[in-house]
Amino acid sequence: MNLRWVLLRGLSSGARFHGRCTQRSFTTACCGSLLGGNPSVIRSKVLGSRETYLWGSHGLHDIRYQISTERSPTTEEPVDPFSLVADELSLIANKLRSMVVAEVPKLASAAEYFFKMGVEGKRFRPTVLLLMASALNMAIPEATANAVFSGFSKELRERQQCIAEITEMIHVASLLHDDVLDDADTRRGIGSLNFVMGNKLAVLAGDFLLSRACVALASLKNTEVVSLLATVVEHLVTGETMQMSTTSEQRQSMEYYLEKTYYKTASLISNSCKAIALLAGQTAEVSMLAYDYGRNLGLAYQLIDDVLDFTGTSASLGKGSLSDIQHGIITAPILFAMEEYPQLCEIVDRGFDNPENIAAALDYLEKSRGIERTRELATEHANRAIEAIEALPESDDEDVLISRRALVDLTHRVLTRTK
Ligand code: GRG
């Protein structure tokens with residue numbers, strides 16, 4: 001797929017990815033509830049609202065700093081999502097460093113460990129959230145405008161940046177705890193915190209980050225947003241527990257796997273996208289579209305992560321870290337392979353403590369369409385994320401349109417990423 005083509009087509013319905021979805025009926029049957037509502041229904045609801053309210057360019061567009069000030073791309077040019085929000089990402093990185101300062105020196109160095117320059121990760125989540133904030137920077141129907149806070153102001157943008165900071169803190173807290181549970185020794189190319197400072201400090205640093213995230217969340221004084229992000233933390237813990245304690249039947253179920261994946265990976269980004277919309281005083285329909293974008297992007301992201309665990313940067317099997325299967329975690333590629341080769345179920349049941357079982361599973365995976373079908377499912381989710389953006393109320397504001405195109409571009413990057 002030619003990236004330029006996708007971008008030039010912009011938000012027209014042609015912006016979808018066309019994976020060969022021959023297993024569509026399977027995924028629709030098995031994953032229907034997780035894929036979300038029928039996009040045409042969502043779209044008609046929003047268009048329905050449009051007839052009632054005057055959407056469009058009536059907002060007070062008094063903030064422009066979210067779009068890189070050097071020279072904004074025109075609506076026809078390709079966009080780089082990360083450089084569009086580069087200035088703001090640096091602001092957020094600095095703010096995060098100041099937010100995780102602790103009194104006790106040991107806790108201070110543990111808490112700041114993954115916020116130091118160079119180990120901040122891909123900053124995928126704050127990029128999505130800032131772009132979503134700009135993509136929704138449009139007029140709000142009078143009837144639904146939040147009485148306490150509405151309009152497009154610097155203050156609103158700072159509150160939305162705060163969501164990006166909270167999301168990063170929750171994300172890093174979950175990584176710290178996850179590394180303890182997995183006994184990991186590396187993370188982001190350096191020693192994991194548990195490896196460098198021990199399990200106890202890594203757990204405490206995760207708790208500390210979570211507590212700082214709670215304080216920041218409380219400062220927003222929006223109970224709906226507090227409730228959303230509290231639910232995310234519950235989902236992270238639920239997903240992790242679902243992964244570690246499965247019955248044989250659950251380990252072989254695509255539905256169980258997708259539910260766990262939503263909890264572990266997609267809930268954080270989807271609910272944070274929704275929080276961005278709620279803070280802007282957007283309608284329930286628009287907030288739901290923001291949520292749908294995040295959920296489908298998150299699921300596509302994790303499905304590709306699961307492929308990369310087998311293939312790494314190359315297309316051939318066994319080039320990845322094989323970390324999931326070595327930890328006995330069954331992901332989509334193996335689940336699809338099991339449908340084609342039921343003999344694989346027996347191997348999965350035996351577990352993967354014995355390297356011969358891993359080798360046998362990889363043999364079946366190689367013969368099957370497991371990797372291909374996982375990519376196809378990721379493509380379906382990416383397309384649903386695009387549909388959510390397309391269904392947003394119309395706007396003729398250039399920054400809004402560029403941000404929406406950048407969100408579409410991110411779905412492409414998720415599918416083609418190699419790390
Ligand atoms: C303390 C909040 C809290 C939760 C504890 C351990 C646990 C419960 C949850 C673990 C959830 C988890 C680690 C999910 C993995 C999500 C995931 C795909 C992480 C990788 O994200 P990237 O690749 O990381 O975006 P970078 O390093 O780029 O930020």
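The values are calculated or read from the model by the stated rules, or taken from the named source; none is laboratory data. The model shown is predicted, which means the values in this text are computed figures rather than measured ones. Every residue, glycine as well, gets a Cβ built from its backbone with ideal geometry; the counts of neighbours run over all protein chains shown. These accessible areas exclude ligands, DNA and RNA; they are computed on the full protein's heavy atoms, side chains included. Shrake-Rupley method; radii C 1.70, N 1.55, O 1.52, S 1.80 Å.
Over the range 360-411, the reciprocal of the mean inverse Cα-Cα separation, the Kirkwood hydrodynamic radius, stands at 13.2 Å. Per residue, the solvent-accessible area of the range 294-390 (1.4 Å probe, heavy atoms of protein chains only, all protein chains present) comes to 36 Å². As a rough guide to protection, the peptides 239-248, 168-177, 205-214, 90-99 ranked by mean Cβ packing within 10 Å, highest first, stand as 168-177, 205-214, 90-99, 239-248. How big is the Rg/Rh ratio for the range 263-419, C-alpha atoms only, Rh by Kirkwood, two decimals? We get a ratio of 1.09 for the range 263-419. In the range 188-345, the alpha-carbon atoms span a convex hull of 149 Å³ per residue. Could you check the spin-label model distance between Thr241 and Ala108? Points 7 Å from the Cα along Cα→Cβ, value in nm. Going from the Thr241 label point to the Ala108 one covers 3.6 nm. Which lysines have a Cα less than 21 Å from the Cα of Lys264, not counting those fewer than 8 places away in the same chain? Partners within reach: Lys122, Lys274, Lys419. Accessible surface of the range 112-262, 1.4 Å probe: 55 percent of it comes from carbon and sulfur atoms. The packing ranking, built from the mean of other Cβ atoms within 10 Å per residue, places the peptides 388-396, 307-315, 154-162 in the order 388-396, 154-162, 307-315, highest first.
Evaluate the relative contact order of the range 246-297 (contact order divided by residue number), counting alpha-carbon pairs under 8 angstrom at least 6 apart; express in whole percent. Relative contact order of the range 246-297: 37 percent. Note on the range 288-399: with neighbouring protein chains present and a 1.4 Å probe, carbon and sulfur make up 45 percent of its accessible heavy-atom surface. Packing-based ranking of 254-260, 284-290, 229-235 yields 284-290, 254-260, 229-235, ordered from highest to lowest mean Cβ neighbour count within 10 Å. The dipole here belongs to the range 265-387: it is taken about the Cα centre, uses +1 on the Cβ of Lys and Arg and -1 on the Cβ of Asp and Glu, and is about 380 debye.
The length gained on full extension between Lys154 and Glu394, counted as 0.36 nm times the residue separation minus their Cα-Cα distance, comes to 84.1 nm.
Once the 1.4 Å probe is applied to the protein heavy atoms, the range 114-258 comes out at 44 Å² accessible per residue.
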